[in-house]
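Q: Structure below; questions to follow.
Throughout, read-outs are computed from the coordinates displayed, never taken from laboratory work. Predicted model, so just to flag it, every value in this text is computed and none were measured. Methodologically, a virtual Cβ is constructed for each residue, glycine included, from the backbone with ideal geometry; neighbour enumeration extends over all protein chains shown.
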Amino acid sequence: MKSQISGTTQLIGIIANPIRHSLSPKMHNTAFEILQLDYAYLAFEIEENQLAEAVSGMRALGVRGFNVSMPYKNKIIPYLDELSPVATLCQAVNTVVNESGKLVGHMTDGSGLMHALKAEGFDVRGKKITIVGCGGAGKAIQIQAALDGARELAIFNRSVIRGQEMADLINNQTSTKATFYPLGDDEVLKEQLATSDLLINATNIGMGELKDQSFIKDSSVLHQDLMVCDIIYNPFKTKLLQQAEERGCRIMNGVGMIIYQGAEAFKLWTHHDMPIDEIKKALNLQG
C-alpha cells in the first residue's frame, strides 16, 4: 500500500550541490512504502553560503535526519553537535541523525562498500588493497578497510599532502600498513597492483565529463586474480571496469555501495532494516 503524507509524517532529506541526479530519494521513499513507515525523503540543493542556515533549519524543523553529499561532507562538521568514531577519523559526514535536538554525524560510505564487497563474496580481511582517491568517500573506504582488517593499503592520490596524511592516519590509528604513492607514476602503480587483491577507484574518473577516461593506461597491469571495484554507478560500467572485465577480473560498480550505505543510514533513522533485495528490484539496480 502506498504511504501517504500526514500530520505525523517525519521528514528526512539530503543536502548537496548538485543533487537532482541522486538515487537516494527514490531508494528511501520506496523503502518507506514497502515497510509502510511514516517518513518522507526530499532532496535539497543548496549553495555553500546557505549551509549553516540549512542545518539550522533542519534542526528547527525537527527533521529526523538527513544525508550529506558533495561538496559538504567535510564542511558540515562545524554545524553538528557530535561525530561518530568513524566520522571523527574520516573528518567527513554523509549521514546526520537528529537525536532529540542533538545532531550527530555518521559516515557510512566505507562500511557500505565493505558490505557490498562481502555480498559479492570478497572479504577485505588479510588482503592488500590498492585504492585511488582521497576524497570524502575515498577516506571513508580506506579507514573502514583498515578497521575491518585489511593487511595493507597502497594509496594513490594527486594531492601529495592529502595522500600522505591518510597513510599517516591509518598507520597511527590502525594495525594496517598504509603507503602513499603519487597518482601518475604508472610503474609504481603496476608494481603495487601486481601484489594486490583488490583495486578500488574512489575518484570521479569515469563519470560525467570524464566518463571515457581511466587512470589505467595499460590494462595488462590488471591480473586475473584482481577484484576491481569502481564506486561510480552511472555509468554502470566505467572504462576501468571494461578494461578489467576484458582482462578476466571480477568487477563491481558503485550500486552496492550506494544501496548499503543508504541501508545503514536508513537503520540509524528508522531503527528498521532496509529491504535491500526488494529495493534493488524496485529501482532496477541489479548492476
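Q: Using only Cα atoms, find the angle between the long axis of helix 24-35 and the longest principal axis of the chain, and express it within 0 to 90 degrees, rounded to the nearest 10.
A: For helix 24-35, the angle is close to 60 degrees.
Q: Here's a follow-up. Charges at C-beta only: +1 for Lys and Arg, -1 for Asp and Glu. How large is the resulting dipole of the chain about its Cα centre, in Debye rounded to 20?
A: Here the size comes out at about 220 debye.
Q: A further question on this structure: Would you calculate a helix-derived [θ] at 222 nm for the chain, using -39,500 (n - 2.57) for each DSSP H run of n ≥ 4 and dividing by the full residue count, to the nearest 500?
A: -11000 deg cm²/dmol
Q: Assigning unit charges at the beta carbon (Lys, Arg +1; Asp, Glu -1) and nothing else, what dipole magnitude in debye, to the nearest 20, does region 190-231 show about its Cα centre?
A: Its charge dipole is roughly 80 debye.
Q: I've got another one for you. Based on the mean of other Cβ atoms within 10 Å per residue, sort peptides 236-246, 149-159 so the most packed one is first.
A: Working: 236-246: 19.1, 149-159: 21.1.
Top of the packing list down: 149-159, 236-246.
Q: Kindly express, to the nearest 10 degrees and within the range 0 to 90, the angle between helix 109-119's C-alpha long axis and the longest C-alpha principal axis of the chain.
A: In the chain, helix 109-119 runs at an angle near 70 degrees to the longest axis.
Q: Calculate the radius of gyration of the Cα atoms of region 110-253 to one decimal place, then report Dmax, the largest Cα-Cα distance, as a whole number, both in Å.
A: In order Rg, Dmax, the Cα atoms of region 110-253 give 13.7, 38 Å.
Q: For I258, what charge total do you get from the other residues with a beta carbon under 14 Å from its beta carbon, if Lys and Arg give +1 and Asp and Glu give -1?
A: Spelling it out: positives minus negatives among the neighbours equals -1.
Q: Just to confirm my numbers, what's the Cα centroid distance between region 117-138 and region 17-72 in Å?
A: For region 117-138 versus region 17-72, the Cα centre distance is 27 Å.
Q: Additional query: Which one, L198, A154, F44, projects farthest toward the positive side of the charge dipole computed for the chain from Cβ point charges (K/R +1, D/E -1)?
A: F44
Q: Further question on the same structure: Can you tell me the convex hull volume per residue for the chain, based on C-alpha atoms, in Å³ to the nearest whole number?
A: Output value, Cα hull per residue: 125 Å³.
Q: Set the Förster radius R0 to 51 Å, insert the Cβ-Cβ distance between E48 and H223 as r into 1/(1 + (r/R0)^6), and round the FRET efficiency to 0.05.
A: 0.75
Q: When the chain is fully extended, how far beyond the present Cα-Cα distance does L23 get from M70, taking 0.36 nm per residue of separation?
A: 15.5 nm
Q: Roughly speaking, what is the centre-to-centre gap between region 149-166 and region 243-285 when only Cα atoms are used, to the nearest Å?
A: Taking the Cα centre of region 243-285 as reference, the centre of region 149-166 is 25 Å away.
Q: Moving to a separate point now. Once the other residues with Cβ under 12 Å from the Cβ of E246 are scored (Lys, Arg +1; Asp, Glu -1), what is the net sum?
A: After counting each charged neighbour, the total is +2.
Q: Over all directions, average the projected area of the Cα convex hull of region 227-287 and note it in nm².
A: On the way: hull surface 17.7 nm².
If I average the Cα hull's projected area over directions, I get 4.4 nm².
Q: Summing Lys, Arg as +1 and Asp, Glu as -1, what charge do residues with Cβ under 15 Å from the Cβ of A194 carry, A194 excluded?
A: -4
Q: Continuing with this model, one more query. How much length is gained if the chain between R125 and S100 is pulled fully straight, taking 0.36 nm per residue apart and subtracting their Cα-Cα distance, in nm to one decimal?
A: Value of the extension gain: 5.3 nm.
Q: Based on the Cβ-Cβ distance from T9 to E82, what FRET efficiency comes out when R0 is 22 Å, to the nearest 0.05?
A: It comes out at approximately 0.25.
Q: Order by neighbour count: H223, H271, fewest other Cβ atoms within 10 Å first, most last. Intermediate values should be presented prior to the final figure.
A: On the way: H223 13, H271 8.
The fewest-first ordering by Cβ neighbours comes to H271, H223.
Q: Explain nothing, just compute: Karplus ³J(HN,Hα) = 6.51 cos²θ - 1.76 cosθ + 1.60, θ = phi - 60°, for every residue of region 88-105 in order, whole Hz, x for Gly and Pro.
A: Once rounded to whole Hz, the list reads 5, 5, 6, 6, 8, 9, 10, 9, 10, 10, 8, 9, 6, x, 9, 8, 10, x.
Q: Between Q36 and Q173, what's the calculated FRET efficiency when r is the beta-carbon distance and R0 is 35 Å? Round to 0.05.
A: Numbers: r = 42 Å, r/R0 = 1.20.
Rounded to the nearest 0.05, the efficiency is 0.25.
Q: Which parts of region 226-250 would a label at R151 reach, counting a residue when its backbone N lies under 16 Å from a point 7 Å out along Cα-to-Cβ?
A: 226-227
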